[in-house]
1. Being surrounded by 16 or more Cβ atoms within 10 Å (Cβ to Cβ) and closer than 14 Å to residue 167 by Cα is the filter here, so list the residues in the range 58-74 that pass it.
2. I'd like to check something: does the range 75-95 contain any residue that is closer than 30 Å to residue 149 by Cα, surrounded by 12 or more Cβ atoms within 10 Å (Cβ to Cβ), touching a strand residue (DSSP E or B) at 6+ places or on another chain (Cβ under 7 Å) and at pLDDT 90 or above?
3. Could you grab me the full set of residues in the range 22-57 that are more than 17 Å from residue 95 (Cα to Cα) and either buried (at least 17 other Cβ atoms within 10 Å of the Cβ) or in contact (Cβ under 8 Å) with a residue 60 or more places away in the chain (or both)?
4. Residue under question is residue 22, and the condition is that it be touching a strand residue (DSSP E or B) at 6+ places or on another chain (Cβ under 9 Å) and in a helix (DSSP H, G or I); does it hold?
5. Looking at the range 133-173, which of its residues are at pLDDT below 80, in contact with a helix residue (DSSP H, G or I) (Cβ under 8 Å, 6 or more places away or on another chain) and not in a loop (DSSP other than H, G, I, E, B)?
């Protein structure tokens with residue numbers, strides 16, 4: 001009985017009013033973030049016909065024609081294989097093309113087609129997605145604090161998909 005009483009006491013201390021209020025605020029903010037990303041992604045797809053991640057990819061190719069798959073994956077912070085799969089979908093829709101005309105035939109350069117460029121003329125912004133846009137605009141100290149807290153949160157998860165960090169929200173299955 002003493003062990004149970006001690007466990008209950010610890011649980012009550014952890015759920016003290018200030019901590020509980022903070023817990024609820026953090027949980028609500030995480031829900032707002034996830035729902036906002038979902039809502040933005042659905043809106044982008046409705047407006048442009050491509051996922052938010054694909055749209056970001058198209059914008060990067062517009063801003064820097066001739067990117068390689070590996071460089072594009074790096075810019076988007078995604079796996080190269082994820083980038084290749086997304087590019088396959090964009091190429092099938094006639095939005096991009098691959099070119100091997102350089103001196104090294106192993107290097108594939110990526111370009112927008114006229115159809116891809118026309119899509120961007122009507123596409124929603126920000127180019128890199130709502131969440132990435134906000135993160136880029138955060139002050140360095142706020143970004144570092146957020147990273148520190150998220151590292152602790154991810155470390156505490158009992159079940160985690162470590163590969164998920166390199167897959168855009170809209171491309172996860």
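1. The answer is 72, 73.
2. No: zero hits.
3. Once the filter is applied, which keeps residues that are more than 17 Å from residue 95 (Cα to Cα) and either buried (at least 17 other Cβ atoms within 10 Å of the Cβ) or in contact (Cβ under 8 Å) with a residue 60 or more places away in the chain (or both), the range 22-57 yields 33, 36, 37, 38, 40, 41, 43.
4. Numbers: touching a strand residue (DSSP E or B) at 6+ places or on another chain (Cβ under 9 Å): no; in a helix (DSSP H, G or I): yes.
For residue 22, the condition - touching a strand residue (DSSP E or B) at 6+ places or on another chain (Cβ under 9 Å) and in a helix (DSSP H, G or I) - is not met.
5. Step one: filter the range 133-173 for residues at pLDDT below 80, giving 160, 162-173.
From what is left, the residues that are in contact with a helix residue (DSSP H, G or I) (Cβ under 8 Å, 6 or more places away or on another chain) are 160, 166-172.
Residues satisfying the conditions are 166, 169, 170, 171.
The values are calculated or read from the model by the stated rules, or taken from the named source; none is laboratory data. Keep in mind the model is a prediction, meaning the values are calculated, not measured. Backbone-built Cβ (ideal geometry, glycine too); neighbour counts: all protein chains shown.
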